[in-house]
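The values are calculated or read from the model by the stated rules, or taken from the named source; none is laboratory data. Remember, it's a predicted structure, so these values are computed and weren't measured experimentally. So basically every Cβ, Gly included, is an ideal-geometry build from the backbone, and we count neighbours across all protein chains shown. Accessible surface is based on the protein model in full, side chains and every heavy atom, while ligands, DNA and RNA are left aside. Shrake-Rupley method; radii C 1.70, N 1.55, O 1.52, S 1.80 Å.
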There are 2 protein chains.
Amino acid sequence: MSITQKLATSISSSSSSFLAPSNFSSRRQNVSLPTKSVSIPKCVATPQEAQTAYKTRVSRNENMAKLQAGYLFPEIARRRSAHLLKYPDAKVISLGIGDTTEPIPEVITSAMAKRAHALSTIEGYSGYGAEQGEKPVRSAIASTFYSDLGIEIDDIFVSDGAKCDISRLQMLFGSNVKMAVQDPSYPAYVDSSVIMGQTGPYLKDVEKYGNIEYMRCNPENGFFPDLSTISRPDIVFFCSPNNPTGAAATREQLTQLVQYAKDNGSVIVYDSAYAIYISGDNPRSIFEIPGAKEVAIETSSFSKYAGFTGVRLGWTVVPKRLLFSGGFPVAKDFNRIVCTTFNGASNISQAGGLACLSPEGLQAMQEVVGFYKENTNIIVGTFESLGFKVYGGKNAPYVWVHFPGRSSWDVFSEILEKTHVVTTPGSGFGPGGEGFIRVSAFGHRENILEACRRFKELYR
Amino acid sequence: MSITQKLATSISSSSSSFLAPSNFSSRRQNVSLPTKSVSIPKCVATPQEAQTAYKTRVSRNENMAKLQAGYLFPEIARRRSAHLLKYPDAKVISLGIGDTTEPIPEVITSAMAKRAHALSTIEGYSGYGAEQGEKPVRSAIASTFYSDLGIEIDDIFVSDGAKCDISRLQMLFGSNVKMAVQDPSYPAYVDSSVIMGQTGPYLKDVEKYGNIEYMRCNPENGFFPDLSTISRPDIVFFCSPNNPTGAAATREQLTQLVQYAKDNGSVIVYDSAYAIYISGDNPRSIFEIPGAKEVAIETSSFSKYAGFTGVRLGWTVVPKRLLFSGGFPVAKDFNRIVCTTFNGASNISQAGGLACLSPEGLQAMQEVVGFYKENTNIIVGTFESLGFKVYGGKNAPYVWVHFPGRSSWDVFSEILEKTHVVTTPGSGFGPGGEGFIRVSAFGHRENILEACRRFKELYR
């Protein structure tokens, strides 16, 4: 911001036209007549203030300073906007950010609308809910996703989404832990770790932060890391089906992972946000693996299950048997974090979540998921027909396309420039993603088909 | 949990009945027939597991261990439940937690219901919104509450509530800052500071955490701290109208506060969650004070404005001119925090917020606020008639009643035991609250009247 701009904003500092309860009629005027305030005396900034910007004496958090560039997805959105400025008439198709596009089934939205209306009645009004979520929602999550797995209702914490819970988990762990993460993986794990001060600085040569174990997942190892090569982490973030590679771990692999955690006394944070996309018999929950309740937390979300990316609802499971080294239950501290830093998910979103888990809701969710899985097949087929090696897709709404020897950001730019299709560069998910592009299957069918036509034109 | 219980839960570990997309009809059966899974082979825990609880090697976060007891309000809820167990037939009235009770005006809930229904249409569906909030909502907040104050749309970050933003601000500041806080004050400031590692251990003798400046606010100093007695803090949390004392700072006092921050290079986090309850001409925003944009952040909420305690919507203002000591804009780091640890407020809640700020919505909000203010007058009148010294009430929905020489928790228990009315003990807000009780004015009229009748019986 230029100094002139700064002056312009400071000059307008004056008393607020904020509504005062004692004064109904003039307030309504304020709202409808934005010019009313012209007569209010202005406070003029002193020339001194305008010439040298005032700085506080508070130091910037050095962990924030370690972060590289912006968070990946806003950065993609920024590049998309820049592209639109350059080509205002282009029909841009977004297969980048992994954002759901299909309408939410009515059985679910009706339940939310009903809850909203009920808030206008004496009987239906509710204020603060339990920070951990409404009991019927916790109960429905337990019985739908964890039936027979020994997960109890009070092990489940309902939230405004898995991404938000990941940060709350990082607050819980604090700064004195060392984490391991699949490479590539969803960037929120690493970025929140950096923010919490768990890492060293960013090492440009290897494109990694210090004090994080990057567990390489690539076609050579079947996208499951060689656990014997990493030095003991406290926390292992593990996402399956994986974002971005789309790989779903097998029962044998997860058994190996749980055993590794047991042997090393590590805690697994298992992200199952895409489990509903699994076609095969891969486990949908880490708690299907015997012994996992002693070493694992699971986080998941309605975002990709029910198109709730904007509605916001997720959950995290912290079993009572998961204990810190001194024997203190992790769940007790997570509960304290949730109660102190959060105030529960929106009651309307929770009504939606409950409807998702009704028999009709479950079927409706599956139909939308089935639609996205057809999209996935179309994208996989397209890239395979063009001779690319393609991974993912079968158990996840993401297609992981290999461009050997090329820079992901170069391929991202080439595709955007030549086809007006937004994808996500693999290297945005970690150095192990270099040479790959993630194509999201979230889109209207005609956009998926059109994008595939353009891919064929570009790469035929 | 007993070892037998542990065994019982571990015995049921087995494969999940989680929905598989390939298998529609049997899935629906699963959902409606919870007994289906009986035939699934069980995984039996080894006797070894049952006898000695497995512990990970991850140390408990030492900051979490510093926290005293539970977060205040869940603790109050716990005591309320215990009371109900003891007196199952008692008509308990809750004037404790500060939870809104009156229905949300229909103009607001209709907008939310409409948005919910629209999510079932192609045109009305929206997925991920901007992490910072929808533009029309940011714009309406700017023009309604900050008109003429030089606050721009992109200075405003829409959130799921002020409490959640307080924690995000603490993540932004990190562990190497020293904070000051009004004593007494809303416990989320101190507790989130402890969690982030900004403090020393809890000092039992003074009932304070180390490395926090407690700024005593009491009747003697008109509930405004003597700033000359505190040693320089980096961050000053300041809530006005104050929770719990109900005191609203005057323009002169806030001018003094801003000057103090300027002189010391401190950052003010100004919590204006109760500003709509101000009756007099006290400032509604810190940004009414000239120069505040260089030293202050403001956080606020629709919770107490529109009964959104369960709907969840708030906002935080971080002016671009607020700079760290090195010149880096605080807003840029806050934006990074919001993008990394949060995914935006629910789109349905945002539709509600927008409706709140329409002319009809503003008037409807004011009517509900007016109702609670009448409640406040009834409570103030009751305690005054009983000879108590009463503070707050005029500019806030909280009445701060003095019981000189008595323990707050004792008075809390006495009132609960003898009148079945839940209040909040003043000492729960810091040592400066000892000897006081906070009575919330959020309640149905008949409950407020009945509670006051019982107070009169107890203390006449």
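Some notes on this structure:
- B:L254 fulfils the conditions (1) surrounded by 24 or more Cβ atoms within 10 Å (Cβ to Cβ); (2) under 22 Å from the mean Cα position of the chain (by Cα); (3) of a type in the set (A, V, I, L, M) except for a single criterion, (2).
- Any hit, segment A:311-334, residues being crowded, with 24+ Cβ neighbours inside 10 Å, facing chain B (nearest Cβ under 7 Å) and over 23 Å from A:P233 (Cβ atoms): yes
- If you filter segment B:119-137 down to residues that are open to solvent by 30 Å² or more (accessible area, probe 1.4 Å) and free of Cβ contacts under 8 Å to residues at least 40 places away in the same chain, you find that the one that is nearest to the chain's Cα centre (by Cα) is B:K135.
- Test: residue in segment A:277-296 that is more than 9 Å from chain B (Cβ to nearest Cβ), within 20 Å of A:P105 (Cα to Cα) and touching a helix residue (DSSP H, G or I) at 6+ places or on another chain (Cβ under 7 Å): no
- Residue check, B:V267 at the interface with chain A (Cβ under 9 Å from one of its Cβ atoms), among the aliphatic types (A, V, I, L, M) and buried (at least 21 other Cβ atoms within 10 Å of the Cβ): yes
- Taking the conditions (1) more than 12 Å from chain B (Cβ to nearest Cβ); (2) within 24 Å of A:T341 (Cβ to Cβ) in turn, A:P201 satisfies each one other than (2).
- Which listed residue is assigned to a helix (DSSP H, G or I), more than 16 Å from B:G387 (Cα to Cα) and open to solvent by 10 Å² or more (accessible area, probe 1.4 Å), from B:L458, B:L449: B:L449
- The one condition in (1) farther than 30 Å from B:N176 by Cβ; (2) open to solvent by 10 Å² or more (accessible area, probe 1.4 Å) that A:K178 fails to fulfil: (1)
- Strands (runs of 3 or more DSSP E) lying entirely in segment A:335-444 (those with 2 or more residues that are open to solvent by 20 Å² or more (accessible area, probe 1.4 Å) and touching a Gly at 6+ places or on another chain (Cβ under 8 Å)): A:390-392
- Residue list for segment A:209-244, restricted to those being surrounded by 16 or more Cβ atoms within 10 Å (Cβ to Cβ), out of contact with any Lys or Arg (no Cβ under 8 Å at 6 or more places or on another chain) and over 21 Å from A:T316 (Cα atoms): A:M215, A:R216, A:C217, A:N218, A:F223, A:F224, A:L227, A:I230
- Qualifying residue in segment B:278-293 (condition: surrounded by fewer than 24 Cβ atoms within 10 Å (Cβ to Cβ) and among the β-branched types (V, I, T)): yes
- Residues being within 25 Å of B:I437 (Cβ to Cβ) and touching a residue at least 60 places away in the same chain (Cβ under 8 Å) are entirely absent from segment B:249-269.
- Restricting segment B:212-232 to residues that are under 23 Å from the mean Cα position of the chain (by Cα) and free of Cβ contacts under 8 Å to residues at least 60 places away in the same chain, the residue that is farthest from A:N61 (Cα to Cα): B:F224
- Taken over segment B:344-383, the criterion of being charged (D, E, K, R) and in contact with a Ser or Thr (Cβ under 8 Å, 6 or more places away or on another chain) is satisfied by B:K373 alone.
- B:V206 surrounded by fewer than 23 Cβ atoms within 10 Å (Cβ to Cβ), out of contact with any helix residue (DSSP H, G or I) (no Cβ under 8 Å at 6 or more places or on another chain) and β-branched (V, I, T): no
- Scope segment A:61-90; condition assigned to a loop (DSSP other than H, G, I, E, B), more than 21 Å from the chain's Cα centre (by Cα) and farther than 20 Å from A:K418 by Cβ; matching residues: A:N61
- Residue within segment A:159-175 that is hydrophobic (A, V, I, L, M, F, W, C) and in contact with a Pro (Cβ under 9 Å, 6 or more places away or on another chain) present: no
- Residue match in segment A:50-60 (condition: facing another protein chain (nearest Cβ under 7 Å) and part of a helix (DSSP H, G or I)): no
- Look at segment B:343-359: where a residue is more than 20 Å from B:K304 (Cβ to Cβ) and facing another protein chain (nearest Cβ under 8 Å) and a partner is open to solvent by 10 Å² or more (accessible area, probe 1.4 Å) and acidic (D, E), sitting 6+ places away or on another chain with Cβ atoms under 6 Å, you get B:G344/B:E131.
- Hits in segment B:105-156 - residues which are more than 9 Å from chain A (Cβ to nearest Cβ), in contact with a Ser or Thr (Cβ under 8 Å, 6 or more places away or on another chain) and farther than 24 Å from B:G310 by Cβ: B:I153
- Condition met for A:Y189 (buried (at least 24 other Cβ atoms within 10 Å of the Cβ), at negative phi and under 20 Å from the mean Cα position of the chain (by Cα)): yes
- For B:G98, the criteria (1) open to solvent by 30 Å² or more (accessible area, probe 1.4 Å); (2) of a type in the set (G, A, S); (3) at pLDDT below 95 hold in every case but one, which is (1).
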